[in-house]
Structures are given as C-alpha cells and as structure tokens.
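Participant: One structure, pasted below without further comment.
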Amino acid sequence: MKTYISPRFRVERDPDRCIQCQVCVNQCTFDTHRYDIENDEVVSHEENCVGCHRCVVFCPTRALTVSRNPLEYRQNYNWRSEYIEDILKQAESGGMLLTGMGNDKGYPIYWDHLVLNASQVTNPSIDPLREPMELITYLGRKPDRIEIDSDSLSLKTKMAPQVKLEVPIMFAAMSYGAVSINVHESMARAAAVSGTLWNTGEGGLHSKLYKYGNNTIVQVASGRFGVNREYLDAARVIEIKIGQGAKPGIGGHLPGEKVSAEVSLTRMIPEGTDALSPAPQHDIYSIEDLAQLIYALKEVTQYAKPVSVKIAAVHNSAAIASGMVRAGADIIVIDGLRGATGAAPKVIRDNIGIPVEMALASVDTRLRQEGIRNQASIVVSGGIRNSGDVAKAIALGADAVYIGTAALIALGCRVCQQCHTGKCAWGICTTDLALTRRVNPDIGARRLSNLLRGWSLELKEMLGGMGTNALESLRGNRLHLRGVGLTDTELDILGVKMAGS
Amino acid sequence: MTIDIESKVPIIDARGIRYRELNAMIRDCVSGGSRQIELRNVCGQRYIGTSLNKPVEINITGIPGNDLGAFMDGPRITVRGNAQDGCGNTMNEGEIIIHGHAGDIVGLSARGGKIFVRDDVGYRAGIHMKQYQDKRPVLVVGGTAQDFPGEYMAGGILILLGLNLGEAESHRANFVGTGMHGGVIYLRGHIDDFRLGKEIGMAELNDSDYRVLETYIGEFAGYFGYNTGDILNHKFTRLSPLWLRPYGRIYTY
C-alpha cells in the first residue's frame, strides 16, 4: 500500500562540505542515509528520518542539517498534522499506535507555575561554597517517636531499615531489554560513585552488575522476570511495580526481537519469545493482597530491606497511597503523566494519568492528615527536567525523585520517541549488540555522575539562598513555594499560596 | 513449649503463633542443621518455606496460609490438608505436595520446582509459569480447575487429571490457556472447545508427551496412593499455544 504520510523531517546535505565519508550511513539505524555505489555518492532518504540527530552530531564536516519538513497542512487547530498522520498510519496498518518516551502533549507543567523563595534582609542567606550544606536523605519507614537511652545516649527504638542517599536523585526503573546493558552499567556505576540508587526495572539484573547491589533497587513486577532469591538478596531496596506513568493500568510486551541471548539470561526466559507483563499482578487485587506481597518480600529478605511500591499517578492516588502505606510499603513511588516508557500505546501515554505535581501534593497532604506521613518515604518521577524541578518536588513533599528521561538525555538521548523500535541510533534503547557499544559505560557513568554533581551544586545553591543548610528544612515546606498563573483550585490542591500573597 | 528441639526432627506446634514468628522458628531450625521439620496445628500462617533455600523437608498438618512456598528455592513441603491462595508463587525450586485442595493462582510465575495437588485448584492455576534452560515448573492437579488455568503461561507443564470427575463429566474451566505463549497443558478427560482460550490449540499426544506424563503422573500417584497405569489409561489432550507471540501483530510502529 502506498503510504500517504509525508516525511516529518528534511535532511539537507551541504555538497561543499560533504566528503562522502559515509559516517552518516554507518551511524543512522533508520536507513536514512545510503551509499549509492553506482554514482559513488551518499544519498538521503528523508522519509525514514526520525530526527535523532545522530548523523548531525557525528558528521565530521557538519555537512548535515535536519529540520522539520516545511510541508504545512492547511491550518486547522483541531486537525493537526500529528492526528492526520496517526490516522493515515492506522488506516495503512490496522494496529494500535505504539510510541516511546513520555507524554509530549501540552498539558500544564506545574513545575513551571511554581517558584521558590529566597532570603532577603530579614534572614541571611547562606553561601554553600563556604558553609556545609546537607543533601543527605534517608529513605524508609520512620518511627512515630524515638526513645533514647538516657545513660548511653543511644537509640532505644528499633528502626526499620533505612537507605542513605547522598543526593535525593535516583535513576528511574528502566529494564534491561528496554535499555541496553551499557545503560544499566552506566547508571549502576554512577549511582555507586554518587551515593545514590539506580533501579533495574522489571527485566532482572545482569550478573555482572550484582556487584553494584548496594546501590540497586530491584523491581518485582507482574511478569516476575528475573526474580529469584539471589536477585532479591543482591538489592538494597525491593520495588513492587504496580503501574507506570506512561501507561497506567496496562502491562508491557517486550517484543521477541529484543529478547536477545543476554536479555534472555537476565529475564530467565527463552531467547526470542515475547516477554509479556500482565496488566495486573495476579496476586494483587486489593490493598490486603498488596500487603501480602510486601510481607512476602520482607520475609524473603528477613526484614532487612525497605520495600517500595510504585504506582502511576491517577485520580485516586491519595487514597491508594494511604492504603499502600498501611499495607506496609516503606517507600511509595508516584510516577506522573509525563513518565516515560520504552514502548506504550500512544493513546495511553497521551491521555491517561494525572500530573505528578498534583498527585504528589495530594498524597503528601493526605498522609499528613492521616498522621502516617512518617511511615513511608515518597519518591516522585515523570518529567523531572532539572534541579529546579527537584527542589520544587521536595518542597511539595517528596523525599527524593527518580530521573529516567533526564538520565538518558545525559547519555545522548534526543527524545526522538523511537524507543519502541529497538533501533536507537544512540545505543540506549536497544539490545542490538553493535548499537549497544555506542554507549561506553566508562563515559556513561561519568556523564551521569557529572549530571548529579551539577544538580547537587544547584540544589545547595538554592537551599543556601533560602537561608537553609539542609534539604530536610525544605522537605514538605510548601511555604517556600508560590504559585504563578494558577487558579484557586489548583493552588488549593498544591497547598501553595499565590505569588504576592 | 511450642518447639521440640531435642528431637532429631523438630516439631513446631504452630497453634496461636503469628507467621513472622513461625517462619523465624523454621529458619532457626534450618540454620541449626535440621533437614526435616514437622509443623503441627498450622492455621492460616502465611509464607511457610518462603525464605528457605536448602533441601529441607517440611511436613505440615493443618491449613497453611497464602503464599505457601512463595519465592521458595529448594525445600519439599507436604501439606496434610488444603492449601490457600498463591501456593508456590514465583517459586524457583523445590516441591509442594498437597493432600487436599489448593486455592487460586497456584504456581503463579513459578520458574521451577513441582507442585502436586491431590484434589481441585481455584482460579488461574499455573498462571504465567515460565521455563528457562533446565528450569521447568510442573503443576499436577488431581482434580479439576476453575477458570483461566494456564493463563499467560510462558513455559512449564500443567497437568489436569480430573480424577474426581464422573464418567460423563467434563472439565468446566473456561478460558483455558488464555494468552498462553509457551509450555504445555495436558488434560485428562474431556473439555469443550469453547472453553479454550483463543491462543491455544488441541493436539493428540505423541510418545514424548507420554514419557513426560509417565514421569510426573508416576510421582503424583506415588504421593497420593494412585496407580499410574490406571490414570494413564484414559484419553489425554495436549493443549499448547498456537503462536509464540500472541500479541505480536496488534501494534503499528
């Protein structure tokens, strides 16, 4: 069938600059650049271009320019090009549209409507370059009260297991299979160097990464891939995955093509078979059932590791979170509307779930009202772009955040949303061994730890500006936030005042 | 005194003990070198055998609670009574022998080990069992199952014997093998076509199928006092997935 879809991008090759070196041919995984042997020249098939810029970055003479195809449909706010092209694609294939990364639609980003405070005159700001600033965060269940032995001045209260983070930023769950082994290794090593945690996602833990176990969160999801005793023993934290912001309420299908020999080893399923994660965990149909799995995992690890539960941000998150805490979760993770994925139906990614800022504020408020906020740490994820978002999340009530997309961008990702194809030209979201080598874990780990260092310095700078010297002073302190351009209802849910008031 | 450590086989009286305490006692016995443990008066305690990865024999009198042998890696548990839900959940290795019924999701996501249930099982038995290399979970059910047996099955062997069905009775589970994309179900007796999930097909057994059945039905018969030949001398159907990738063609890229 002839496709009616026009190319999204225009690829221009400057003939004066192009030296016919074929780097672009070798770098492109979407078959955009080809070498025409008869005419001895490199040509571009721009209909294949996904706009990932791999060729642009690697062209030694900067001969390539990729721009949006200027083809304009007749102006129509309702029938925008994306929707026209989606319909064409479905008319030509009859399938569900699959996509990658997070929601790219224009829903409000509340981080951009929140501003932070700073000290002026009435209390001094602190210079973090000269004075100690603390970002240390402990994840885990905190007691209602503590008792101290008055003689030895030691703690009498028996504490639930705590995990110390040097920075309140962790690497989000991205499974091996969705991302490459070198991405996993980059995150694991960066987490170890930076004193934080990385998350395996639901695809198991490769044997060569067991040595980073002390910085590893292992996931137990509905597919139970790669979950066995050693996997649980290796981890610092165990996370039960109920949902994901990019695809609340649905499961996952890792296509057989991505289940390579190595992926098969880690997932513990035969090579080439589809890895299907059912939508629900079939041993969890209620809060009571969730408690059952939480305590099964605590039994396995003899109560030495915090158990985290991750949900997608949905309408009833606050009530659900209350149930999760009462079910025994030591950490609850809320993944918002903008959370990303290696593959999800587009209609789900773009339409289901709520913004994480709203979910976070309502969960934190609810747990405080019920007097159980201390019983679990709150971690949020889904669209955290910079340290400003981190600071605002912490002020809204989060203990820490996960970054997924931001971490991948640090490794080269251009958010071209082709993760589901497995052809990632940057070698990130693929299991093709040749492509995997494009991420060098030595360099990857450095890029990621650099990012965390940069954000930590910025967080300290912001804290100092507010006249505080510990992240703990900002946590859940919504008085440090003000809203701009928000309605009364939005301000009310966020629990912040309007700027100026 | 709820535990008799002096005897070679420790006997634990589980009456009135919470699961956490009971499992800690079991762990203590195992780390103390016991390779056989008797549990008496068990009444709903969860996670028995969960944290064990040694070849221990655990004999249970009473009704163990949910998640019996969840994540278990090696022990053999024998239950003189019924088991509840989640028996053998994500089990890696070991054996569970139930002299009675078992509840829902028996063998959920098991990747190894064997489960023998003398009587019936509840909903979604053997759901998402998977096999890999030499690991192949086996679930043998003497009676019949509720709906969705073998759902999402990605590997392993599920055998439904229907020994408690009358001559003219058939299995009444609906949606058998829905979403199944690996492994095999052997069903003794009759089941109507319309009760099968759309991802699986029926086939006659070949010699290698019978060898598999002889092995596991032999073990089953040994545990529960049946005659292997009598069980095998009956019509069996082999149910297996039609496609390895049942959901490979629903997306557009």
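Participant: Please compute, for the alpha-carbon atoms of chain B, the extent along each of the three principal axes and give them in descending order in Å.
Facilitator: Extents along the principal axes: 58, 50, 29 Å.
Participant: Calculate how steeply helix A:81-93 sits against the longest principal axis of the alpha-carbon atoms of chain A, using the helix alpha-carbon long axis, and give the answer as 0 to 90 degrees to the nearest 10.
Facilitator: Approximately 70 degrees, to the nearest ten.
Participant: Further question: Any idea what the alpha-carbon Rg over 2.2 N^0.38 Å comes to for the protein assembly as shown?
Facilitator: 1.04
Participant: Lys pairs in chain B, Cα-Cα under 29 Å, at least 8 apart or on separate chains: how many?
Facilitator: Taking chain B as the scope, the lysine pair count is 14.
Participant: If you don't mind, there's one more thing I want to ask. Report the longest stretch of chain A that contains none of the GluC sites (Glu not before Pro) sitting in a DSSP loop with at most 10 other Cβ atoms within 10 Å.
Facilitator: Details: sites that count: A:Glu38, A:Glu72, A:Glu147.
After excluding every exposed loop site, the longest remaining stretch is A:148-501.
Participant: Show the residues, 5+ positions off or on another chain, whose built amide H is closer than 5 Å to the amide H of B:Ile200.
Facilitator: Under 5 Å from the amide H of B:Ile200: B:Leu242.
Participant: Mind listing the long-range amide H neighbours of A:Lys497? Cut-off is under 5 Å, sequence gap 5 or more, other chains count too, H placed in the peptide plane at 1.01 Å from N.
Facilitator: Hits under the 5 Å cutoff: A:Gly483.
Participant: What is the magnitude of the charge dipole of chain A about its Cα centre, with +1 placed on the Cβ of each Lys and Arg, -1 on the Cβ of each Asp and Glu, and no other charges, expressed in debye to the nearest 20?
Facilitator: Dipole size: approximately 460 debye.
Participant: Where does helix B:207-224 land angle-wise versus the long Cα axis of chain B, in degrees 0 to 90, nearest 10?
Facilitator: 30
Participant: For chain A, what does -39500 (n - 2.57) per DSSP helix run (n ≥ 4), summed and divided by total residues, give at 222 nm, in deg cm²/dmol to the nearest 500?
Facilitator: Using -39500 (n - 2.57) per qualifying helix, the result is -8500 deg cm²/dmol.
Participant: What does the charge add up to near A:Tyr212, with Lys and Arg as +1, Asp and Glu as -1, over the other residues with Cβ less than 11 Å from its Cβ?
Facilitator: Working: positive: A:Arg189, A:Lys208, A:Lys211, A:Arg236; negative: A:Glu185.
Its environment carries a net charge of +3.
Participant: Would you mind getting the Kirkwood hydrodynamic radius of the stretch A:229-344 from its Cα pairs, rounded to one decimal in Å?
Facilitator: For the stretch A:229-344, the Kirkwood estimate is 15.4 Å.
Participant: Separate question: Binned at 10 Å from 0, what are the whole-percent values of the Cα-Cα distance distribution for the stretch A:124-193, short to long?
Facilitator: 15, 26, 27, 23, 8, 1
Participant: Let me ask something else about it. Taking GluC sites (Glu not before Pro) as exposed when DSSP calls them loop (any state but H, G, I, E, B) and at most 13 other Cβ atoms lie within 10 Å, what is the longest stretch of chain B free of them, the sites themselves excluded?
Facilitator: Longest site-free region, per DSSP loop and neighbour criteria: B:7-166.
Participant: So, one more: So what J values fall out for the stretch B:29-40 if you push phi through Karplus, 6.51 cos²θ - 1.76 cosθ + 1.60 with θ = phi - 60°, rounded to Hz, Gly and Pro as x?
Facilitator: Per residue, the Karplus-derived 3J(HN,Hα) values read 4, 5, 5, x, x, 5, 10, 8, 9, 9, 10, 10 Hz.
Participant: Taking the Cβ of each residue in A:Val325, A:Val380, B:Val56 as the centre, tally the other Cβ atoms inside 10 Å and list the residues starting with the fewest.
Facilitator: B:Val56, A:Val325, A:Val380
Participant: Would you mind calculating the relative contact order of chain A from Cα pairs under 8 angstrom and at least 6 residues apart, reporting the percent as a whole number?
Facilitator: With pairs under 8 Å counted, the relative contact order is 19 percent.
Participant: If you find the alpha carbon centre of the stretch A:125-189 and of the stretch B:142-186, how far apart are they in angstrom?
Facilitator: Each part's Cα centre sits 47 Å from the other's.
Participant: Can you pull the percent of Cα pairs in the stretch B:1-138 with separation above 18 Å?
Facilitator: 48
Participant: Under 15 Å from the Cβ of A:Gly272, count the other residues' Cβ atoms, weight Lys and Arg +1, Asp and Glu -1, and hand me the total. Please report the intermediate quantities before stating the final value.
Facilitator: Numbers: positive: A:Lys258, A:Arg267, B:Lys130, B:Arg245; negative: A:Glu257, A:Glu262, A:Glu271, A:Asp274, A:Asp432.
Local net charge: -1.
Participant: Set Lys and Arg Cβ to +1 and Asp and Glu Cβ to -1, take the dipole of the stretch B:50-173 about its Cα centre, and tell me which of B:Pro137, B:Gly86, B:Phe116 lies farthest positive.
Facilitator: B:Pro137
Participant: Compute log10 of I(q)/I(0) for the stretch A:367-501 with the Debye formula, placing one identical point scatterer on every Cα and leaving out solvent, at q = 0.11, 0.17 Å⁻¹, to two decimals.
Facilitator: The calculated log intensity ratios at q = 0.11, 0.17 Å⁻¹ are -0.55, -0.99.
Participant: I've got another one for you. So how do B:Tyr132, B:Tyr226 line up by other beta-carbon neighbours within 10 Å, fewest first?
Facilitator: With the sparsest Cβ surroundings first, the list reads B:Tyr226, B:Tyr132.
Participant: Let me ask something else about it. What are the lysines whose alpha-carbon lies under 30 Å from the alpha-carbon of A:Lys105, with same-chain residues fewer than 8 places away excluded?
Facilitator: A:Lys2, A:Lys89, A:Lys241, A:Lys247, A:Lys258, A:Lys310, A:Lys346, A:Lys392, A:Lys423, A:Lys497
Participant: Based on alpha-carbon centroids, what's the gap between the stretch B:26-76 and the stretch A:267-303 in Å, whole number please?
Facilitator: 20
Participant: What percent of all Cα-Cα pairs in the stretch B:115-253 falls into each 10 Å bin, going from 0 up to the bin containing the maximum distance?
Facilitator: Bins of 10 Å from zero give 13, 45, 33, 7, 2, 0 percent of pairs.
Participant: If I histogram all Cα-Cα distances within the stretch B:164-235 using bins 10 Å wide from 0, what percent of pairs lands in each bin?
Facilitator: For the stretch B:164-235, the pair-distance distribution reads 17, 43, 37, 4.
Participant: If exposed trypsin sites (Lys or Arg not before Pro) are those in a DSSP loop with at most 10 other Cβ within 10 Å, what is the longest stretch of chain B that has none?
Facilitator: B:9-234
Participant: Relative to the first principal axis of the alpha-carbon coordinates of chain A, what is the inclination of helix A:181-194, with its axis defined by its Cα atoms, in degrees from 0 to 90 and to the nearest 10?
Facilitator: 30
Participant: Exposure proxy check: B:Ile185, B:Ile97 ranked by fewest other beta carbons within 10 Å?
Facilitator: Neighbour counts put them in this order, fewest first: B:Ile97, B:Ile185.
Participant: How many nm is it between the label spots at A:Glu47 and A:Leu129, if each spot is 7 Å from the Cα in line with the beta carbon?
Facilitator: Between A:Glu47 and A:Leu129, the simple spin-label model gives 5.7 nm.
Participant: Dipole size in debye (nearest 20) for the stretch A:11-117 around its Cα centre, Lys and Arg Cβ +1, Asp and Glu Cβ -1?
Facilitator: Around 420 debye, computed over the stretch A:11-117.
Participant: Find out how many positive minus negative residues lie around B:His234, taking Lys and Arg as positive, Asp and Glu as negative, among other residues whose Cβ is under 15 Å from that of B:His234.
Facilitator: -3
Every read-out reported here was derived from the displayed coordinates using simple, explicitly stated rules and does not represent laboratory data. Bear in mind that the values here come from a model prediction, so they are computed numbers and not experimental data. Don't worry about glycine lacking a Cβ; one is built from the backbone with ideal geometry, like all the others, and counts go over all protein chains shown.
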